[in-house]
Amino acid sequence: MARDATQTFVPGVGELYTAPPGTPYPANPAAPAAPWVQVGHTSRENPLQTNRTGGEVTTQGSWQDPAMRTSISPVTWSVAFSLLQYDPPSLKLYYGSNSAVTAEGRVRPPKTPVPTSAALFVRIVDGRREHYRHYDRTEIIAADAEEFDVEKLAALPVSATILGLDGQDHLGEITPPAERPAGATANGPRPTGD
């Protein structure tokens, strides 16, 4: 593998989007349109973390060859991020899709939460270059306790477990960093008529 500085990036700005499970990769990844919906403000201090569980390697052998082959246990991937907006959509992602919302806009966390099933799209901006991640199906739910610090914005840490679609042998798509598509800005598409 040759060294290529164009394939490095600094995750300076980012957006997360959800859509119904199985929603395909957006036609314009720099500005995903409906049915993709922005998640809203997320933490800048810990913008995104990919986690891996499982995948332990076991060496198997015979009496004659103690290291004949290896086997790997199943791997589960997840993406963690912290929601900063305390609105009903964010609270439902944290407390469960079956959270009730009253007529007055109050959210009622359920005794037995149900994760939100959704496709997830991540757009990461580094100047004029962008990096994208598309996961066909995830389940999103609280990952940790709410974070309250008098010097920081309160946060709702969530985790999106990446499940993929039945019949597919992959979990999604990750693009190498590349120049932003023509006609788009760091905050989305340029207004028409410029």
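Per-residue accessible area (protein heavy atoms, 1.4 Å probe) orders 111, 92 as 111, 92, starting from the largest.
In the elastic network of the chain, a GNM with C-alpha springs shorter than 10 Å, the most mobile of 27, 154, 143 is 27.
Order 159, 90 by their accessible area, 1.4 angstrom probe, all chains in place, largest first. If you can, show how the numbers build up before the last one.
Values: 159 25, 90 0 Å².
Order by accessible area, largest first: 159, 90.
The calculated FRET efficiency for the pair residue 106 and residue 13, based on their C-beta separation and a Förster distance of 35 Å, comes to about 0.60.
Residue 95 contributes about 70 Å² of solvent-accessible surface, heavy atoms of the protein only, 1.4 Å probe.
Near the amide H of residue 25, within less than 5 Å, lie no amide hydrogens of residues on another chain or at least 5 residues away, with H placed in the peptide plane.
Rounded if a/c is under 1.5, else prolate if a/b is larger than b/c, else oblate: which is the chain, with a ≥ b ≥ c the root eigenvalues of its Cα gyration tensor? Mind showing how you got there, number by number?
Details: a/c = 1.89, a/b = 1.22, b/c = 1.55.
The shape class here is oblate.
Using a probe of 1.4 angstrom, how much of the accessible area of the chain is carbon and sulfur, in percent? Solvent-exposed carbon and sulfur of the chain make up 55 percent of the total.
Helical content alone sets the calculated 222 nm signal of the chain at -1000 deg cm²/dmol, taking -39,500 (n - 2.57) per DSSP H segment of four or more residues and averaging over every residue. Over all other residues within a Cβ to Cβ distance under 13 Å of residue 170, the charged ones net out to -2, with Lys and Arg as +1 and Asp and Glu as -1. Working from label points 7 Å from Cα in the Cα-to-Cβ sense, the residue 5 to residue 80 distance is 3.4 nm.
Using the Cβ of residue 82 as centre and a radius below 11 Å, the other residues enclosed give a net charge of -2, where K and R count +1 and D and E count -1.
Find the accessible area per residue for the chain; the probe is 1.4 Å, ligands and nucleic acids are left out, and the unit is Å².
Counting only protein heavy atoms, the per-residue value for the chain is 62 Å².
Derived scalar couplings between HN and Hα for the stretch 55-66 equal x, 5, 9, 10, 8, 10, x, 10, 4, 8, 9, x Hz in order, rounded to whole Hz, by the Karplus curve 6.51 cos²θ - 1.76 cosθ + 1.60 (θ = phi - 60°), x for Gly and Pro. Between residue 147 and residue 179, the C-beta separation translates, for a Förster distance of 30 Å, into a calculated FRET efficiency of about 0.25.
Once the piece of chain linking residue 117 and residue 166 is laid out straight, how much longer is it, given 0.36 nm per residue of separation minus the C-alpha distance between them?
Values: separation 49, 0.36 × 49 = 17.64 nm, distance 1.39 nm.
So the extension gain works out to 16.3 nm.
Working note: Karplus 6.51/-1.76/1.60 with θ = phi - 60° gives the stretch 2-11 the couplings 7, 6, 8, 5, 6, 9, 9, 7, 10, x Hz, where Gly and Pro are set to x.
With each label modelled as a point 7 angstrom along the Cα→C-beta vector, the residue 41-residue 73 pair spans 4.0 nm.
The values are calculated or read from the model by the stated rules, or taken from the named source; none is laboratory data. Because the structure is predicted, anything quoted here is derived from the model rather than measured. Cβ: placed from backbone, ideal geometry, glycine included. Neighbour counts: every protein chain shown. Remember, those area values only see protein heavy atoms, side chains included, never the ligands or the DNA or RNA. Shrake-Rupley method; radii C 1.70, N 1.55, O 1.52, S 1.80 Å.
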